[in-house]
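A.B. asks: Structure below; questions to follow.
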Amino acid sequence: MSKARLLMPGSTIGIVGGGQLGQMMALRAKYMGFRVGVLDPTPDCPAAQVGDWQIEADYDDTDAIRQLAERSDVLTYEFENVDADALDAVSDIVEIPQGTDLLRVTQDRIQEKTFINKHGIGTAPWRPVNDMDDLRAAVAEIGLPAVLKTTRGGYDGHGQFVLRDDADIDRVAQVRPWAGDFAPSILEGFVDFAYEASILVSGNGEQYVTYPVVRNIHRNNILHITIAPAEEAADPSSPLAQAARDLALRLASGFQLAGTLAIELFVLRDGRVLVNELAPRPHNSGHYTIEACSIDQFEAHVRGIVGWPLPEPRLLSPAVMVNVLGQHVAPTRALIATHPEWFTHDYGKAEVKHDRKMGHITVLTDDPAAEAARLEATGCWDDLKKD
Ligand code: AMP
């Protein structure tokens, strides 16, 4: 892909997927004067509530993708499991500045890790594994503990199995999706990281800008809190900030990135950084940018795909972002009236479900660690406490 074609306000952006990421993209796009169409099976989905129109159909409905393409000037997506062939099939009638290579690479852990390593960037050691014999051979090479991950379709820890000792190897044959037909997978060495972090990079196919490194705290494999910036990366000239920025720019130019790409990192105890995985879209760990940065990850995404220049994002204030899952909706609402410092986001999802991302709260603060502790002390997130 080369530089995305310059589109003017009044043009239509079609988004495949109408969840919260699509909603926040659509909000930004509306500010900038674009029209927004959304493809999503759920009537009145979060993005459709702020967009101009919705096509109610499944994401992999090729007729619906064609309809979306016909009514749009540019197509984008809010999640990576979009049918890349279906997008290729409409590339003659609509701009797709992100291309489909980025999608294909990030949909497949083997391609993703190969791409990352090819650009001289470290990951956990990994091997492709297609049956139990491969698994034993990979364990012999990589050692234990290790994590078995399906090459495709996994998210938030789904399609993953941690092997701690030899007995776990035989257990794999009894658990889905490896029981019966063994799901194509990779075995990854278990990384004894100091903490998890991420960095966002945005581009317009020609020019790339990065965001600060943030620290991410997960509970039950779901992002819980983001601390921006990560303490060790607060100084942009720190080794962590520089290493992350360098790898982000290398990946962005490797993809000739248009839009926003999130890079999930493991920060090791010796300060080295490994890439865990890539998300070719705005990311939950970047929601803090809405209030805390001079340009947020969604505007950067929209600018990138409509070929606008990108200002270098500045962090205006340190921040903490905490997710509001289904079980946190009632307790946080009960406190909204007493927390003027909470920037409360609710995605407008009709159905409240346990562990479903319903919204998030961002707080601007000079002391993110203390604010994170204050948020925890409200008790709203007590169900996530580690024992
Ligand atoms: P993923 O879906 O690959 O992002 O993995 C989900 C979570 O599992 C990560 O955020 C980590 O907390 C953990 N995890 C994944 N891979 C590894 C690894 N190789 N070593 C240690 N922890 C891991």
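What follows is calculated from the coordinates using simple rules that are stated; it is not laboratory data. All figures in this text were calculated on a predicted structure; none of them were measured in a lab. Positions of Cβ are generated from backbone atoms using ideal geometry, with glycine treated the same way; all protein chains shown enter the neighbour counts.
A.B. asks: For region 285-374, what does the alpha-carbon gyration tensor say about shape, rounded, prolate or oblate, given a ≥ b ≥ c as the root eigenvalues, a/c under 1.5 as rounded, and a/b over b/c as prolate?
C.D. replies: Here region 285-374 falls in the oblate category.
A.B. asks: Can you list the aspartates and glutamates whose alpha carbon is less than 14 Å from that of Lys3, not counting same-chain residues fewer than 8 positions off?
C.D. replies: Cα-Cα hits under 14 Å: Glu95, Glu206.
A.B. asks: Also, quick follow-up: Could you state the principal axis extents of the C-alpha atoms in region 54-196, from the largest down, to the nearest angstrom?
C.D. replies: Over region 54-196, Cα extents along the principal axes are 55, 36, 26 Å.
A.B. asks: Moving on. Select from Ser185, Tyr59, Gln98 the residue farthest towards the positive end of the dipole of region 55-210; place +1 on Cβ of Lys and Arg, -1 on Cβ of Asp and Glu, and compute about the Cα centre.
C.D. replies: The listed residue farthest towards the positive side: Ser185.
A.B. asks: Give me a comma-separated list of calculated 3J(HN,Hα) values for region 215-232, in order, Karplus coefficients 6.51, -1.76, 1.60 applied at θ = phi - 60°, integers in Hz, x for any Gly or Pro.
C.D. replies: 9, 10, 10, 9, 10, 6, 6, 10, 4, 10, 10, 10, 10, 10, x, 4, 3, 6
A.B. asks: Hey, got the Cα dimensions of the chain along the principal axes, in Å, largest first?
C.D. replies: Rounded to whole Å, the extents work out to 60, 52, 43 Å.
A.B. asks: Just to check, using Stokes-Einstein with a Kirkwood Rh over alpha carbon pairs, what's the diffusion coefficient of region 193-377 at 4 °C and 1.567 mPa s in µm²/s?
C.D. replies: 77 µm²/s
A.B. asks: How many angstrom lie between the Cα centre of region 156-179 and the Cα centre of region 218-270?
C.D. replies: If you average the Cα positions of each part, the centres end up 29 Å apart.
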